[in-house]
Each structure stands twice: as structure tokens, then as C-alpha cells.
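All of the numbers you see were taken from the coordinates with simple rules; none came from a lab. Note that the coordinates shown come from a computational prediction; the quantities given were computed from them, not determined experimentally. Here the Cβ positions follow ideal geometry from the backbone for every residue, glycine too, while neighbour counts run over all protein chains shown.
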Amino acid sequence: MAGDSLTSGQYIKHHLQNMTYGNHPDHGWIFAHTPEEAKEMGFWAFHVDSLGWSIALALIFFFAFRKVAKNATTGVPSGFQNFVEMIVEFVNSSVRGSFSGRNDIVAPLALTIFAWVFLMNLMDLVPVDWLPMLAQQIGAAFGADPHHVYFKVVPSTDPNVTFGMALGVFWLMLYYSIKIKGVSGFFGELAFQPFGKVGMPANLVLEGVSLISKPVSLALRLFGNMYAGETIFILIALMFSAGWAVGLFGGVLQLGWAIFHILIITLQAFIFMTLTIVYLDMAHQEH
């Protein structure tokens, strides 16, 4: 790729930088050419690659499952229909085991989260240079410097994506907590547990921290695991430029890490789904 002329440190930073579009103080609305320009764009800049892949993978999930639902038969199912039914049954079992309330949105939400997060994580198994190289070639065709074309393909390695999903779950928690328990009931849980009325200040601090930590831990757990996995793939990719012997060893390492990473990407999707179910179950419980 065009990054062949980069040092190892520059190569790693290039692969970990998002394609950023935002309002630069000096240049207006542009694609960032350097990480420094991306930082200067501030909070409201868009990570185009993360947004694009998130939406594309969501559409793949939607249309694939919709097609299976429309063509479902009562006879012997096709291979893909059987696969989808296994996933649906697995999610339903998780919901029945962790959610004690009655809410028709929980199972579809759990299925969406599991499939969507899994697909985003699955992009980590695409060789690290393939899609960034394609993006650089497309950018060069439009006159851009390939070294200034950044392209990350794993949305779950972007904290903006993981925090966005976690905050969505958090707002659902707050909504159902207030809907089921009322404002007074929700505030009572924060103010009067675990030390009763006399311990209200301590209760508010403890329960407030516990409440805020839920979306933070949900987002950082997924981001941290996937970011670390992507970084390891990038480090292994550097070995291919160090001669055939080291490259061959790197290929073995890459295969081994990819096989092990299949467990990680599935486990992280399962954990995100399960915690969402548990948090919504807590929101539906009246103390």
C-alpha cells in the first residue's frame, strides 16, 4: 500500500486514524489531512468511515433477516434460514433467562444489538491493508495524497460508535425506569438505597456513580477489546515487511490470532446484548 514508505510508528498511526470530515477553523468543511487537523475540528466532526460501515452493516443485517422472514417455510429450512432461526432462538433464550418483565421491544432490541455488534466486530477479520489500500487508490484517482487518506473499517474500534450505542441503551434504561416506577420511585431508588433516608447524600453518590458507570463500562468494554485486537493485527502486518522468514512467521501468527479472535468478536457481541437485557430488566423491577 502507499504506507510502505512510512515508518512502523507512522504505519500504525495511519491505520488507527479515522477518515474525519468537519469544520476546520482555518479551512472550513474539509476532510482532515492529518490527525492534527482532525483534532482541531473538535467534537462535532464526523468519522465518515465508522458511520459508513455502521450503516452499511445495519442494512446488510436488516435486508438479510427480512428476506429470511419473508421466505420462511414450515418445511425443511434452507441453510441460511436455519442459521437465522438458530440466532433468533439463542437470543430469545437469553431474553427469557435474564428479563423478568413484559416488554415486546426487548427481544428485537437484543437481536439487533447482537447481530449488529457482531457484524461490526467481524470486520476486524478483514486483512488490515485491503480496504485502506482501496480507499487510497480511490482517493488518488480524485487527486488526493494517498498518505492523507485514512480509512478504518472496524466501527467498534471507534469510541464514538460504542458510546453512541451505550447511550442509546442508557436512555432506554432511564425511560423505562421512570415509566414503570414514576419519577418519585426512580428518585427514591437513587436517594434511599442502600442506607435509607438518613444516608441520602451517600446514597445519591453511590447510586449516581453506579448509574453513570453502566453506559461507560458498556462502551469502553467493547471499544477496548476490539481496539486491542485491531492493534495486534496491525503489529502482525508489520512483520510482512521484515523478510520472508519473519513474514512467514507473521502469517502463522495472523492465522492463529484470527481464529482466536472469532471467539472474542462473538463474546463481545454477546456481552453487550446480555448487559442490555439485564439493565432493562433492572429498569422494569419495582423495589
Could you name the aspartates and glutamates whose alpha carbon sits less than 19 Å from that of K13, not counting residues in the same chain fewer than 8 places away?
D4, E36, E37, E40, D49, D124, D129, D145, D158, E230
FRET efficiency, 1/(1 + (r/R0)^6) with R0 22 Å, evaluated for I178 and V198 via beta carbons:
0.30
In the calculated pair distance distribution of the chain, what percentage of Cα-Cα distances lie above 29 Å?
48 percent
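Output the relative contact order of the chain, whole-number percent, from Cα pairs under 8 angstrom with separation of 6+ residues.
The value is 24 percent.
Can you give me the relative contact order of the stretch 97-175 as a percent, contacts being Cα pairs under 8 Å and 6 or more apart? List each step's numbers first, then the result.
Working: 32 pairs, mean separation 20.7, N = 79.
Reported as a whole number, the value is 26 percent.
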Net charge contributed by nearby residues that have their C-beta within less than 11 Å of V154 (K/R +1, D/E -1):
-3
Asserting the computed 222 nm helical MRE of the chain (DSSP H runs at least 4 long, -39500 (n - 2.57) per run, divided by residue count, to nearest 500) equals -24500 deg cm²/dmol
Tally Lys and Arg at +1 and Asp and Glu at -1 over the other residues with C-beta under 12 Å from the C-beta of F186: what net charge comes out?
-1
Cα-based helix-to-principal-axis angle, 200-238 vs the chain, degrees rounded to 10:
20 degrees
Arrange the peptides 120-133, 239-252 so that the one whose residues have, on average, the most other Cβ atoms within 10 Å appears first.
120-133, 239-252
I need the peptides 174-181, 219-226 ranked by packing, meaning the mean over residues of other C-beta atoms within 10 angstrom, with the highest value on top.
219-226, 174-181
Expected sort for 201-211, 104-114 on mean C-beta neighbours within 10 Å, highest first, is 104-114, 201-211
C-alpha long axis of helix 106-122 to longest principal axis of the chain, angle in °
20 degrees
